[in-house]
Amino acid sequence: MVVVNFRPRIALITALIVLISSLAVGTASAVSLTADEQYMLNLVNKERRANGLNALEVDPKLTFMARRYGQEMITHDFFSHDSPVSGSLLDRVLKSGVSDGWLLAGENLAGAPSVEAAFKGLMESPTHKANMLEAKYTHVGIGAVVGGPYGKMFAQEFIAYPKNMFFVSRDPNYDLLVYINDKLLCADPPSFIRQGRTLVPIRKFFEELGAAVVWDSASNLITIDHNGVNIQLAVGDNVAFVNGEPVILDIMPSMKASATFVPLRFVAECLGAQVSWNTNLRTVTVQLPISSDNP
């Protein structure tokens, strides 16, 4: 482990293995995470909550920095904190537009074919796990770039801001996790919470459940069939039909980012699934009974 003192800031850089470590800060502005970035964030925050730590907020400048550096390593074929293009960690921090005043910074790098493989490797390394579970960190930027010898390059950029520099996400759903039969639902756009109810992207969700889904764009009608259960819902309508019987919904199906979202608990329980919610881990778990149609 290396400690670098620079002005009033301290940059913490962990040792390097097949995954590495370093980093910087920024101001709040909108940033849209990719599905890989979103789920890496979710997994990090789930581990932090499980260890009694606060979840990390997204810092847009760190996100852009992580993406740039991941692409730089792929383009120039190297894997290190020290770049032949952008220089050292502190060089990149100074060029990123990060404000002075941050207290501690760190980075994890991983080359892997998937989010799950990268996260597993990071968690199995004591130095990288310690970075993800550092209590002082307040914000993070995550970059996931396709390419390179590993399939994808992942960068986790951590920062500790003093209280007078805190900013908080306006979106309380940014780290929501949905598991179906113990498998993480990786969907783009991701699931979200509205009026206290979790809404999931219909096609990805029901593909994981093994249900057949038909979407009629002319009538906005969604038809779901699974093991003899037929459910019909319409976007913007609070009345659904289960095997022909009307049911009043407390939240309507809706459109977001060109995807159709439906209330998770209602449709899952109609198909015989058990749904549970863990407040501390912000995790929804769906368990569907094993059947011949749902191996």
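The values are calculated or read from the model by the stated rules, or taken from the named source; none is laboratory data. Note that the structure is a prediction, hence the values are computed from the model and not measured. We place every Cβ from the backbone using ideal geometry, glycine too, and count neighbours over all the protein chains shown. Ligands, DNA and RNA are excluded from the accessible area calculation, which covers all protein heavy atoms including side chains. Shrake-Rupley method; radii C 1.70, N 1.55, O 1.52, S 1.80 Å.
Looking at segment 131-141, which of its residues are open to solvent by 50 Å² or more (accessible area, probe 1.4 Å) and either at pLDDT 95 or above or of a type outside the set (A, V, I, L, M, F, W, C) (or both)? Reasoning before the result, please.
Applying the first criterion (open to solvent by 50 Å² or more (accessible area, probe 1.4 Å)) to segment 131-141 yields 135-136.
Within segment 131-141, Lys136 is the sole residue that qualifies.
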**OP:** Could you tell me whether Asn181 is open to solvent by 10 Å² or more (accessible area, probe 1.4 Å) and among the polar types (S, T, N, Q)?
**Re:** yes
Subject >> strands (runs of 3 or more DSSP E) contained in segment 198-295 and holding at least 3 residues of a type outside the set (S, T, N, Q) >> reply: 212-216, 221-226, 229-234, 239-242, 245-248, 259-263
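Among the residues of segment 231-287, how many are of a type in the set (S, T, N, Q), within 14 Å of Val200 (Cα to Cα) and modelled with pLDDT of 85 or more?
Step one: filter segment 231-287 for residues of a type in the set (S, T, N, Q), giving 232, 238, 243, 254, 258, 260, 274, 276, 278-280, 283, 285, 287.
If we keep only those that are within 14 Å of Val200 (Cα to Cα) as well, we get 254, 258, 260, 283, 285.
Checking which are modelled with pLDDT of 85 or more leaves us with 254, 260, 285.
Matching residues across segment 231-287 total 3.
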Original post:
Across segment 186-211, what is the total count of residues that are within 14 Å of Arg265 (Cβ to Cβ), in contact (Cβ under 8 Å) with a residue 40 or more places away in the chain and open to solvent by 30 Å² or more (accessible area, probe 1.4 Å)?
Top reply: 3
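Have a look at Phe241, Phe205 and point out the one that is hydrophobic (A, V, I, L, M, F, W, C) and closer than 28 Å to Leu33 by Cα.
Numbers: Phe241 fails: closer than 28 Å to Leu33 by Cα.
Of the residues listed, the single one that is hydrophobic (A, V, I, L, M, F, W, C) and closer than 28 Å to Leu33 by Cα is Phe205.
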**OP:** Given the conditions (1) modelled with pLDDT of 90 or more; (2) closer than 22 Å to Pro189 by Cα; (3) not aromatic (Phe, Trp, Tyr), report the number of the one that Val214 does not fulfil.
**Re:** (1)
Original post:
Among Gly121, Gly70, which is the only one that is touching a strand residue (DSSP E or B) at 6+ places or on another chain (Cβ under 6 Å) and open to solvent by less than 10 Å² (accessible area, probe 1.4 Å)?
Top reply: Gly70
**OP:** Return the total of residues in segment 130-163 being touching a residue at least 12 places away in the same chain (Cβ under 8 Å) and not in a loop (DSSP other than H, G, I, E, B).
**Re:** 19
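Have a look at Val93, Val98, Val58 and point out the one that is out of contact with any Lys or Arg (no Cβ under 7 Å at 6 or more places or on another chain), closer than 22 Å to Ser32 by Cβ and open to solvent by less than 40 Å² (accessible area, probe 1.4 Å).
Numbers: Val93 fails: closer than 22 Å to Ser32 by Cβ; Val98 fails: out of contact with any Lys or Arg (no Cβ under 7 Å at 6 or more places or on another chain).
None of the other options fit; the residue is Val58.
Answer with yes or no whether Ile224 is open to solvent by less than 50 Å² (accessible area, probe 1.4 Å), touching a Pro at 6+ places or on another chain (Cβ under 7 Å) and closer than 30 Å to Leu41 by Cβ.
Details: open to solvent by less than 50 Å² (accessible area, probe 1.4 Å): yes; touching a Pro at 6+ places or on another chain (Cβ under 7 Å): no; closer than 30 Å to Leu41 by Cβ: yes.
No, not satisfied.
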Subject >> Of all residues in segment 227-255 being under 29 Å from the mean Cα position of the chain (by Cα) and in contact (Cβ under 8 Å) with a residue 40 or more places away in the chain, the one that is surrounded by the most Cβ atoms within 10 Å (Cβ to Cβ) >> reply: Pro253
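Filter segment 142-161 down to residues that are out of contact with any Lys or Arg (no Cβ under 7 Å at 6 or more places or on another chain) and crowded, with 21+ Cβ neighbours inside 10 Å, then give me how many there are.
As a first pass, look at segment 142-161 and keep what is out of contact with any Lys or Arg (no Cβ under 7 Å at 6 or more places or on another chain): 142, 147-159, 161.
Filter again for crowded, with 21+ Cβ neighbours inside 10 Å, leaving 142, 153-159, 161.
So the answer is 9.
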Subject >> Every residue from segment 118-148 that is over 23 Å from His76 (Cβ atoms) and small (Gly, Ala, Ser) >> reply: Ser125, Ala130, Ala135
